[in-house]
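Data first, discussion second: the structure below is written as structure tokens.
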Amino acid sequence: MRISGCIIAKNEEGSIGRCIESLKNVCDEIILVDTGSKDSTVEIATSLGVNVYYFKWVDDFSKAKNFAKEKATGDWIIFLDADEYLPKLNRDVLVNLASKPGNFDSVLCEIINIDENSNASQSHIGNRFFRNLKSIKFIGKIHEDLRKDNHYLTSINGYNELKIIHTGYSPTIIKEKNKFERNIKILLKELEERPNDPELYYYIADTYGLNNDYDKQIEYCKKSIVLGRVKQLGFEELPYILLIKTMIDSSKSYYEIKFEINNAIENFPTNPVFYYFSGLLELKNKKYNLAMENFIISLNLNFEYRNYSVDYMKRYLKDIYYFLGQIASKKLDLRNAMEFYLKAIELDREDKDVFIDLMRLLANEAIEDKIIFINSIYNLTSKDELNFLIQAISSLNEGTLLSYYIKKYEQITGEGNNAILLNYLMIREFSKAFEYSHKFYLETYRYDIGIVASISSLYSGNENFIKTLLPVVQPSVNRLISIVRGNTVELMDEDYIVYLDFLRRIIQFGKGNEIKDFLTHLGNFKGKFLLETAEFLMHYKEWKYAESIYAEEINRVGLFVDNKVYKNLGICLYMLGEFEKATEHFIMSFTLGNLEYETFEYMYFTYFHVSEEKRKNILRCLKLAPNETYIYELLKGDD
């Protein structure tokens, strides 16, 4: 059996070599049709022994591909785009697939889109390996597909064995190639010829996404759905998926998005991606129980899903586990939170947010146990993985742990790491922290380095450090330094961002009194930013200090305080284990008119930790709350 490899290309010098090399092991000949390259694409192809032909570009991919197909002499053709390649593949795999019994025209493959970091973002099933018959031709000016005498091909499944890697839709590459301008021009012209084709409306919607035009995306997705299902294999759900994703990204209303999700689930009840979207929508609205329920349904469906549709779950699976870990943490279900975070790490070992939340669960463990745990996951001979660990741990209050991995990095690479200056700050070696950060700041004048230099100079107690630094830092930083030194200075609103940057670093190394003392300087903003600071502290899980600010605000304002203050104070108390008090504040928040979903979710969480009397009060609130009957029913069911 003879196999031909076909490619069309224009200005693909950066990727054509890899594409051709991947075909060499499986093809008897390789044909490249160039449509007007001005770079070295043709020279590279020629040097690799490829048969090169030329075709004048006429805004029609099918015509170019059919021209390439006409030049092929093999019994079978495998067709790649220039920005695609075959992962290591034995020729026998293709021969065995093509030799299977039955009257079929093509073998389906899996096309996997990867991002700039080589992570799989999604995949879909495609027809790329097919018999070289005159009756089989490409149709469509763009997003072309194969037909046999104008009918869909008869295909067999080969996507477990035959996979194609596609690199061309990373944001950088899209921008470099001006894909939006090229594609939309061709599609709108084709729409004049095929005004009732739902597939074409979907592709137009998808293309507007390259230009971040959400309104056009939504408009054309809805038109595609109204016209009927897309018939291309594996693409039926795509208008629904793109519509919902675009509505979420453009912050459409909860009920608008919910309607479209429900419609999609009704049409595609076994597709896991729609339950992911449902979970994401509920999570964004802080309906944690419903979010968890939908995410788990999505996971269960994903394990069983075998349809030929585009597999978006490659992109979303890690997010599902991460979100489940966050929800479990809110419920104080730390065992399950740990399991969910670990599953997310398995799917993406270098997701900083997942790593940080995972390590926060281990905050009270011995340093030796943390090191053993991390070393069981990461490769300490890898410079990239060590660098990731250093960057991630730099966001935690883990100075000793950071020291360990900086030393490992130096041992492996023989190089220093700029995180050393932050490490000295975190382990309270303030003089060394100033020495490194001051030198680096004078070389770069980076704002973040200036913050580290400022804090280390203050806490070193060395007046000479401070005098050296004051003339070269920004006015806002200068004012913050003066305040901490005990000078009377009125802070401006613009200084608040600097204040938070100071606070963030002090949280990383500070002991209780240092954080508490720094919070007293909020008074220099004349009563402003108290609640914003409390929310900041909640983000960093400094529940005790946030609780103190909220309690002070309630004492100061009384019943005229924003009802959300009671809710946030309740969350702080809940996380501190003071469940009875937390419940009182959630109920007070509700009594004062707070109908936020999150209030009722935390009532549900506290329900399992409080007295019978408090439980009755929670049920009474939930029964009165509009649109929250699902939590009431959950609790009645648990009882």
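General observations
- Residue within the range 327-347 that is among the charged types (D, E, K, R) and under 20 Å from residue 397 (Cα atoms) present: no
- Scanning the range 484-499 for residues that are under 14 Å from residue 529 (Cβ atoms), surrounded by 14 or more Cβ atoms within 10 Å (Cβ to Cβ) and not hydroxyl-bearing (Ser, Thr, Tyr) yields 491, 495, 498.
- Scanning the range 148-182 for residues that are under 16 Å from residue 12 (Cβ atoms) and at pLDDT 90 or above yields 164, 165, 166.
- Unmet criterion (only one of (1) modelled with pLDDT of 95 or more; (2) open to solvent by 60 Å² or more (accessible area, probe 1.4 Å)) for residue 502: (2)
- Screening the candidates 400, 381 for the property of being polar (S, T, N, Q) and either within 19 Å of residue 504 (Cβ to Cβ) or assigned to a loop (DSSP other than H, G, I, E, B) (or both) yields one hit, 381.
- Restricting attention to the range 211-222, the residues that are among the basic types (Lys, Arg) and open to solvent by less than 80 Å² (accessible area, probe 1.4 Å) add up to 1.
- Boolean, residue 558 is of a type outside the set (Val, Ile, Thr) and over 19 Å from residue 330 (Cα atoms): yes
- Residues (over 19 Å from the mean Cα position of the chain (by Cα), open to solvent by 20 Å² or more (accessible area, probe 1.4 Å) and aromatic (Phe, Trp, Tyr)) located in the range 258-303: 259, 303
- Test result for residue 420, free of Cβ contacts under 8 Å to residues at least 60 places away in the same chain, open to solvent by 40 Å² or more (accessible area, probe 1.4 Å), assigned to a helix (DSSP H, G or I) and closer than 30 Å to residue 342 by Cβ: no
- Any hit, the range 507-529, residues being surrounded by 12 or more Cβ atoms within 10 Å (Cβ to Cβ), within 27 Å of the chain's Cα centre (by Cα) and not small (Gly, Ala, Ser): yes
- Among the candidates 550, 604, 597, residue that is open to solvent by less than 30 Å² (accessible area, probe 1.4 Å) and touching a residue at least 60 places away in the same chain (Cβ under 8 Å): 604
- Restricting the range 553-585 to residues that are of a type in the set (Gly, Ala, Ser) and surrounded by fewer than 23 Cβ atoms within 10 Å (Cβ to Cβ), the residue that is nearest to residue 605 (Cα to Cα): 577
- Residue match in the range 366-387 (condition: among the aromatic types (Phe, Trp, Tyr), open to solvent by 20 Å² or more (accessible area, probe 1.4 Å) and under 16 Å from residue 345 (Cα atoms)): yes
- Test: residue 353 is surrounded by fewer than 20 Cβ atoms within 10 Å (Cβ to Cβ), among the acidic types (Asp, Glu), touching a helix residue (DSSP H, G or I) at 6+ places or on another chain (Cβ under 8 Å) and within 26 Å of residue 570 (Cα to Cα): yes
- Residue 396 hydrophobic (A, V, I, L, M, F, W, C) and closer than 30 Å to residue 579 by Cα: yes
- Test: residue 136 is more than 29 Å from residue 302 (Cβ to Cβ), of a type in the set (A, V, I, L, M) and modelled with pLDDT of 95 or more: yes
- Condition check for residue 514: acidic (Asp, Glu) and closer than 25 Å to residue 571 by Cβ: yes
- Residue in the range 445-466 that is β-branched (Val, Ile, Thr) and open to solvent by 60 Å² or more (accessible area, probe 1.4 Å) present: no
- Tabulated pairs, the range 219-240, first within 17 Å of residue 262 (Cβ to Cβ), second open to solvent by 30 Å² or more (accessible area, probe 1.4 Å) and among the β-branched types (Val, Ile, Thr), C-beta under 7 angstrom, 6+ apart or interchain: 239/225; 240/225
- In the range 548-564 there is at least one residue that is under 30 Å from the mean Cα position of the chain (by Cα) and either assigned to a helix (DSSP H, G or I) or at pLDDT 90 or above (or both).
- Condition check for residue 339: at pLDDT 95 or above, open to solvent by 30 Å² or more (accessible area, probe 1.4 Å) and over 25 Å from residue 362 (Cα atoms): no
- Scanning the range 396-411 for residues that are open to solvent by 80 Å² or more (accessible area, probe 1.4 Å) and within 27 Å of the chain's Cα centre (by Cα) returns a single hit, 397.
- Candidate set: the range 530-541, residues that are of a type in the set (D, E, K, R) and in a helix (DSSP H, G or I); chosen: the one farthest from the chain's Cα centre (by Cα): 532
- Filter result for residue 248 (within 22 Å of the chain's Cα centre (by Cα) and open to solvent by less than 10 Å² (accessible area, probe 1.4 Å)): no
The values are calculated or read from the model by the stated rules, or taken from the named source; none is laboratory data. Nothing here was measured: the structure is a model prediction, and the numbers come from that model. Counting neighbours? That spans all protein chains shown, and the Cβs are built from the backbone with ideal geometry, glycine included. The accessibility values were calculated without ligands, DNA or RNA, using every heavy atom of the protein model including side chains. Shrake-Rupley method; radii C 1.70, N 1.55, O 1.52, S 1.80 Å.
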